[in-house]
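**Q** Before I ask anything, here is the structure I am working with.
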Amino acid sequence: MWVNPEEVLLASALWMTERANPYFILQKRKGHGDGGGGLAGLLVGTLDVVLDSSARVAPYRILYQTPDSLVYWTIAHGSSRKEITENWEWLEQNLLQTLSIFENENDITTFVKGKIQGIIAEYNKSHDIREDDDTDKFKEAIAKFRKLFIMPEEEKLVNYYSCSYWKGKVPRQGWLYLSINHLCFYSYLLGKEAKLVIRWADVTQLEKNATLLLPDMVRVSTRCSEHVFSVFLNINETFKLMEQLANIAMRQLLDNKGFEQDRSLPKLKKKDLDARAKSERYRALFRLPKDEKLDGHTDCTLWTPFNKMHILGQMFVSTNYICFTSKEETACSLIIPLREVTIVEKADSCNVLPSPLSISTKNKMTFLFANLKDRDFLVQRISDFLQQTTSKIYFEREITGSLSSSDDEVGTALCINILVFITNILFSFKENNSAKEFLKEQAWKNHFTEYGQGVCMYRTEKTKELVLQGIPENMRGELWLLFSGAINEMATHPGYYEDLVEKSMGKYNLATEEIERDLHRSLPEHPAFQNEMGIAALRRVLTAYAFRNPNIGYCQAMNIVTSVLLLYAKEEEAFWLLVALCERMLPDYYNTRVVGALVDQGVFEELAHVYVPQLYDCMQALSVISTISLSWFLTLFLSVMPFESAVVVVDCFFYEGIKVIFQLALSVLDANIHQLLSCKDDGEAMTILGRYLDSVTNKDSTLPPIPHLHSLLTDNGEPHPEVDIFKLVRSSYEKFGSIRADVIEQMRFKQRLRVIQAIEDTTKRNVSEDLGTPFSIDELEELYTLFKAEHLTSCYWGSTSNPMSRHDPSLPYLEQYRMDLEQFKVLFALLFPWACGTHTDDLALRVFRLLDHNADALINFREFICGLSDLMLESCLNVQHSVFCVVKKMQTPDYRMYLRLWNQETKAKLENMKDLPKLNQSQFIELCKTLYNMFSEDPSEQELYHATATVTSLLLEMGEVGKLFCSPAHKTDEEDEDERIAVPSRSKGGLPHSVSIDKDWAITFEQFLASVLTEQALVQYFEKPVEISGRITNAKNVRKVGHQHMSLSDYEISLSG
């Protein structure tokens, strides 16, 4: 490989010269190749690894030097003698004679360097390589990574770090390679080589901690081992990248959309992953839509008119928003959608206000930023985004304006009439508003006057105080939309909800069936859902969301939350609030496996261990935390508290997020700590907590008393003293308000690894228990691991089919993962007894067609195992039947009925066997070919060929005799008695080189079976036992030492030397 000329001062240090001429020298690295170079070679190899020398991957090089100069230039590297020899021969043939005509050595050097750079530029142009793709150093690391771990080009290396790996008590200094799908480590010390490969999808725990011996270390755990790395130059950067990559793997295990969203991952670099992580934090901080990408951020000050101060903070700019947050967490935050911006202008600078920027909005608010670095560039970026936003708004207005008037009427009916109905129901009891409710409304109105109203409002500590005091009933819908960020998605998707309702109307699937079943269980005690109008609104919102997001569809608890949203918001607003809840604020909560809720359950247990340690052990012993947390989190306390109290919790949740739910849950445990410590079982603990939550009241509520169904859980004892909801919320902030959102996210990552891997283990156990095969449970689990690993590998490194089509979590466990032919060929070669020599792929294709019952070019795990058990563990009869069916696949999928009948030899029914399709002459020739392919490279190959020839001759004669009994009336119109088709055949086994296909000729399975049973060699071949455990072990070992699709699990460190 040609490289940009690089100066070398000591040409002979650690290198040996193999060829030389007046201008060029070909050298080999000491210690490489035969002999290893003795002690010097070992030392050189160790230095190459520790110092990350390119010589480790490119042990050959070519140097350029003019005769009178002491300076050498590296112009080519090679990983093999063949590669470097090609470069050497090109130099001798194309440059050597040309250089002799130059008189000035400087001219020679300039010419050679220019020529080499020209060759590299031409290569990059022809292979579409950009100059800024990767540095030369990183390209060397990529080549080293692929060579050491036998990774394909599709496996993208993200970054690599120097570190130590602890094997026992001995540290091994080497290099940690982090790729999209794998964590790899390599070390070479004094002749001993160490390699480690762990697939991110197998990581169960990833943590950074410190000990007295190792102040900074990273621990990576899998199901079967634990690995410790230390001595990082920048442990925080390394660990952060490891977290990102593990998160990607978990998302792919959880949901097929992970693969679809990460299609660009093989092209990503570390900086792209960092940008992605920053965008995620940015969206979470300001509750922005999921597709919003951060463009950049800068330090600045914001003039706040409500206190006449310049507040120090950071400005964030993205495609559709300008946001600000103060350095002091609660001082001030601001969100300015570009759709609301009217003017962006640079104000005059002065000593008091350097580099100011003024932004005006449609609601007559003006925001003044100052102390901006590179203000001109910032203004240009905002102007560009504004131009794009204006174009989008114009396009949306065009689309919206084109809707028919009838559509407008439908939208009005959906979004207004139900609101009027619910408002009448809800507020018919409020003829005389309480003084407290009136004061709350006035306080919010004063706040809007001082801090602004709508999405561009200044959000300060005062805003939080007002939320904690409770949002007025008639302002809840507006403020929930604002604080959740749902207002932004609704504003940028006009008409979206109406279209969804129209498309989903009259459609039926599993989700709609579940919705119908739960509609009348959604706040049945509330008047709004005691007649068809309220029920119809709830049905439309839930069904529309199920069609928007079929991966979630519908989950129990969504009905309770949505019914509360409908009480305070219009239908469309309730829909977008539900979107914000399911997709941003409570991620993965409402999928089929409630993974998000299980993750937060683990976070809650961890927080309980920290904040109420005296109660933690007792709660764990009673398994109470896992029981209570799911219902509390999934419904935001709506199902366990009186309605008028629970909506206060929802107020706080929309403002501050999930931390409010954790704080409140800890507060409930803390308030009942003494009673819980004396509990003898989980039932008693649940009763105590249920009674406590039933007693939480909202004395400020103006709603009529609504019966609370959860009170059925309590016993007939004395009622618990009333607990004021506002005091409970304030207590939770005072005692547990130190819990930070970023700490929760860190805990969520740790728990997500545990939960998803636990789900995978459960799936594997269920698969093993549900299959009735001769394999043991352990063998089935190992086979499932191999099957799933092959599926994931093809998702990583490309496949002829879409990963989405090959994994459907909604199907039964045995059918969730499916593989195509290319994946099947890999496992066929490793596990099936017929895999041998050059004919393996042909046999794999035929077996695949046999197992693919529905002809969709995919087979699931059930089909795979049934086929494997038929070929390896069943009787000779079944195996021969499989051979027969490999050639002529049966028209009906019920052929397994015949297998079961034939296996019961004493109860065999001949009439069933006569129903099997016959083989015509063309298919018979394919049968012979299949048999010859199976016997290829077998120790008894010649004997088997001879036996096959005998059987073939016998069957040919049977077919000829059968023609005599063939009735002409049975022929179809397409058959022509005299038609003959010439088909080439094998020279082996007694078949002629060319055979005529006779359409009247046919044999039955009984004839095939009887003929095979006459040859002892064939009977012994098919009766030969196969040890599946040995094949499984071999399959795992093949992958460990470097199979082309290496990625089964983490393999223990391998040593050589």
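The values are calculated or read from the model by the stated rules, or taken from the named source; none is laboratory data. Everything quoted here is computed from the prediction, not taken from an experiment. All Cβ positions, glycine included, derive from the backbone under ideal geometry; neighbour counts span all protein chains shown. In case anyone asks, the SASA skips ligands and DNA or RNA and just uses the protein heavy atoms, side chains included. Shrake-Rupley method; radii C 1.70, N 1.55, O 1.52, S 1.80 Å.
**Q** If I ignore ligands, DNA and RNA and count only protein heavy atoms, how much of residue 504 is accessible to a 1.4 Å probe, in Å² to the nearest 10?
**A** 10 Å²
**Q** Here is a further query. Using the Cα centre of region 496-602 as the reference point, and only Cβ charges (+1 on K/R, -1 on D/E), how large is the resulting charge dipole? Debye, rounded to the nearest 20. Mind dumping the intermediate values first?
**A** Numbers: 10 positive and 15 negative charges, 30 e Å.
Dipole magnitude for region 496-602 comes out near 140 debye.
**Q** Something else about it: Applying a 10 Å radius around every beta-carbon, put 362-369, 246-253 in order of their mean neighbour count, most first.
**A** Values: 362-369: 15.6, 246-253: 21.4.
Top to bottom by mean Cβ count within 10 Å: 246-253, 362-369.
**Q** Give the calculated FRET efficiency between residue 285 and residue 210 to the nearest 0.05, with a Förster radius of 30 Å applied to their Cβ-Cβ distance. Display every interim value, and only then the final one.
**A** Numbers: r = 29 Å, r/R0 = 0.96.
Once the sixth-power term is evaluated, E becomes 0.55.
**Q** In addition: Which loop chymotrypsin sites (Phe, Trp or Tyr not before Pro) in region 487-544, with loop taken from DSSP, have no more than 10 other Cβ atoms within 10 angstrom of their Cβ? If you can, show how the numbers build up before the last one.
**A** On the way: sites: 496, 497, 508, 529; in loops: 508.
Sparse-neighbourhood loop chymotrypsin sites (Phe, Trp or Tyr not before Pro): 508.
**Q** For region 309-350, run through the GluC sites (Glu not before Pro) and keep only the ones in DSSP coil with at most 13 other Cβ atoms within 10 Å of their Cβ. If you can, show how the numbers build up before the last one.
**A** Values: sites: 328, 329, 340, 345; in loops: 328, 329.
Sites meeting the loop and neighbour criteria: 328, 329.
**Q** Please calculate the 1.4 Å probe accessible area of residue 572, with all protein chains present, and give it to the nearest 10 Å².
**A** 40 Å²
**Q** Right, next: With r as the distance between the Cβ atoms of residue 778 and residue 938 and R0 = 25 Å, compute the FRET efficiency 1/(1 + (r/R0)^6) and round to 0.05.
**A** On the way: r = 29 Å, r/R0 = 1.17.
Efficiency, from the Cβ-Cβ distance: 0.30.
**Q** Turning to a different aspect of this structure: With the crude spin-label approximation of a point 7 Å out along Cα→Cβ, what separation in nm comes out for residue 742 versus residue 1024?
**A** 6.4 nm
**Q** In whole Å, how far is the Cα centre of region 469-516 from that of region 622-639?
**A** Answer, in whole Å: 25.
**Q** Past 27 Å, Cα to Cα, is the threshold; run 195/788; 290/464; 28/147; 727/750 against it and keep the listed order. Please list the in-between numbers first.
**A** Values: 195/788 24 Å; 290/464 25 Å; 28/147 18 Å; 727/750 33 Å.
The answer is 727/750.
**Q** Using a 1.4 angstrom probe and counting only protein chains, how large is the accessible area of residue 765 in Å², to 10?
**A** Result for residue 765: roughly 110 Å² accessible.
**Q** Another question about this same structure. Between their Cα atoms, which of 364/440; 659/680; 137/293 are more than 27 Å away from each other? All intermediate terms of the calculation are to be shown ahead of the outcome.
**A** On the way: 364/440 25 Å; 659/680 30 Å; 137/293 30 Å.
Beyond 27 Å between Cα atoms: 659/680; 137/293.
**Q** OK, next. Could you check the simple spin-label distance between residue 436 and residue 19, using points 7 Å along Cα→Cβ, in nm with one decimal?
**A** Going from the residue 436 label point to the residue 19 one covers 9.3 nm.
**Q** What ranking, highest mean first, results for peptides 954-960, 22-28 when packing means the other Cβ atoms within 10 Å averaged over each residue? Walk me through the numbers before you get to the answer.
**A** Details: 954-960: 16.6, 22-28: 19.1.
So the peptides 954-960, 22-28, ranked by packing, come out 22-28, 954-960.
**Q** Relative to the present Cα-Cα distance, how much length would full extension add between residue 376 and residue 4 at 0.36 nm per residue of separation?
**A** Stretched out fully, the residue 376 to residue 4 stretch lengthens by 130.1 nm.
**Q** Follow-up. Full-extension gain between residue 620 and residue 680, please, as 0.36 nm times their residue separation minus the C-alpha to C-alpha distance. Each step should come with its number before you reach the end.
**A** Details: separation 60, 0.36 × 60 = 21.60 nm, distance 1.26 nm.
Roughly 20.3 nm would be gained on extension.
**Q** Any idea how far apart residue 854 and residue 329 come out in nm if each label point goes 7 Å out from Cα toward Cβ?
**A** Inter-label distance under the simple model: 5.1 nm.
**Q** Turning to a different aspect of this structure: Quick check: with the 1.4 Å probe, what order do 745, 790 take by accessible area, largest first?
**A** 745, 790
**Q** Under unit Cβ charges (Lys, Arg +1; Asp, Glu -1), what dipole magnitude, rounded to 20 debye, does region 291-368 have relative to its Cα centre? Write down the numbers at each step before the final one.
**A** Numbers: 7 positive and 9 negative charges, 55 e Å.
So the dipole magnitude of region 291-368 works out to roughly 260 debye.
**Q** Please give the length that would be gained between residue 90 and residue 1006 if that part of the chain were fully extended, namely 0.36 nm times their separation in residues minus their C-alpha to C-alpha distance (nm, one decimal).
**A** Numbers: separation 916, 0.36 × 916 = 329.76 nm, distance 6.72 nm.
Using 0.36 nm per residue and subtracting the Cα-Cα distance, I get 323.0 nm.
**Q** Right, another one. Suppose R0 equals 30 Å. What FRET efficiency, 1/(1 + (r/R0)^6) with r the Cβ-Cβ distance, do residue 926 and residue 154 give to the nearest 0.05?
**A** On the way: r = 35 Å, r/R0 = 1.18.
Computed FRET efficiency for residue 926 and residue 154 comes out at 0.25.
**Q** Where does each of 271-279, 59-67 land if you order them by average Cβ count within 10 Å, highest first? Could you put the intermediate results ahead of the total?
**A** On the way: 271-279: 15.4, 59-67: 21.0.
Descending mean neighbour count gives 59-67, 271-279.
**Q** What does the charge dipole of region 325-365 about its Cα centre add up to, to the nearest 20 debye, if the Cβ of each Lys and Arg holds +1 and the Cβ of each Asp and Glu holds -1? Can you show the working numbers first?
**A** On the way: 5 positive and 5 negative charges, 38 e Å.
Taking the Cα centre of region 325-365 as origin, the dipole is about 180 debye.
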